[in-house]
Amino acid sequence: MLRRAVTSSGLAARAATDAELHLVLVSAREITALNEAHLGHEGPTDVITFDLADEVAFPGEPQTVGEIYVCLDVAAEAGERLGTGAAYETVLYCVHGMLHLTGLDDHEPADRKRMRAAETRIMAELSDIRDLRDIM
């Protein structure tokens, strides 16, 4: 399912065939530490994405295009609050991170609108594959 998201987000077209994407599932404590250390923001967040496409890979190693850190605690809380479920929110956060790696951003209203439209399109495609409410 996430391979489909990589393709649908446009990330696959941006990366070499043997490139890697690291998806890291973390707790609220871990994402809070990352959020404070790398973004200067206090408290937990849902997802943090690091674009590593310009990093030089070791000889013989595949290029890592990025790392996406997803907070399972935030996903569980949001899934319960929104009625979408933890699995849906977790996949949504992965998709959100992938879209960041393709160059989309969500800091300005117009950019946020484009990001939400892309998320909605991709999540609809993924929901056609599997009902995300029954995974976790």
List the number of the failed condition for residue 89; all other conditions in (1) surrounded by 22 or more Cβ atoms within 10 Å (Cβ to Cβ); (2) of a type in the set (D, E, K, R); (3) in a loop (DSSP other than H, G, I, E, B) hold. (3)
(1) in contact with a helix residue (DSSP H, G or I) (Cβ under 7 Å, 6 or more places away or on another chain); (2) touching a residue at least 24 places away in the same chain (Cβ under 8 Å) all hold for residue 30 apart from (1)
Would you check if there is a residue in the range 1-14 being over 13 Å from the mean Cα position of the chain (by Cα), part of a helix (DSSP H, G or I) and under 15 Å from residue 70 (Cα atoms)? no
Of these, 121, 112, 81, which one is on the phi < 0 side of the Ramachandran plot, part of a helix (DSSP H, G or I), loosely packed, with under 14 Cβ neighbours inside 10 Å and touching a Ser or Thr at 6+ places or on another chain (Cβ under 9 Å)? 121
Yes/no for residue 49 being of a type in the set (S, T, N, Q), under 16 Å from the mean Cα position of the chain (by Cα) and modelled with pLDDT of 95 or more: yes
Run residue 44 past the list (1) part of a helix (DSSP H, G or I); (2) more than 21 Å from residue 3 (Cα to Cα); (3) touching a strand residue (DSSP E or B) at 6+ places or on another chain (Cβ under 7 Å) and report the number of the one that doesn't hold. (1)
Some residue of the range 101-109 being in contact with a Phe, Trp or Tyr (Cβ under 6 Å, 6 or more places away or on another chain) and farther than 20 Å from residue 1 by Cβ: no
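The values are calculated or read from the model by the stated rules, or taken from the named source; none is laboratory data. Since the structure is predicted, the reported quantities are computational estimates derived from the model, not experimental observations. Neighbour counts run over all protein chains shown; Cβ positions are idealised from the backbone, glycine included.
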